[in-house]
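Right, one structure below, let's go through it.
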Amino acid sequence: VKQQISDMAMNGSGIRDTARVLGISPTTVIETLKKKFQAKSGE
């Protein structure tokens with residue numbers, strides 16, 4: 001699911017779109033993207 005969130009974000013899908021398609025909470029999408037971005041910026 002984390003990979004799908006990342007892929008959809010890179011393809012321009014919005015947070016709500018991503019959440020709806022994957023059947024998860026928009027909050028989950030936001031938190032996942034935040035963690036991924038923080039991990040990338042820390043490298």
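Readers should treat all values here as calculations from the given coordinates under stated rules, not as data from a laboratory. Worth saying up front: this structure is predicted, and the values here are computed from it rather than measured. Here the Cβ positions follow ideal geometry from the backbone for every residue, glycine too, while neighbour counts run over all protein chains shown.
Here is the figure for the stretch 29-43: residues that are touching a helix residue (DSSP H, G or I) at 6+ places or on another chain (Cβ under 7 Å) and either closer than 14 Å to Gln4 by Cβ or of a type in the set (Ser, Thr, Tyr) (or both) total 4.
Applying the selection to the stretch 12-26, what residues are assigned to a helix (DSSP H, G or I) and of a type in the set (A, V, I, L, M)? Show your work before the answer.
First pass over the stretch 12-26, keeping only residues assigned to a helix (DSSP H, G or I): 15-22, 26.
Within the stretch 12-26, Ile15, Ala19, Val21, Leu22 meet the criteria.
Counting only residues that are within 8 Å of the chain's Cα centre (by Cα) and small (Gly, Ala, Ser), which one in the stretch 3-39 is surrounded by the fewest Cβ atoms within 10 Å (Cβ to Cβ)? Looking at residues that are within 8 Å of the chain's Cα centre (by Cα) and small (Gly, Ala, Ser), I get Ser6.
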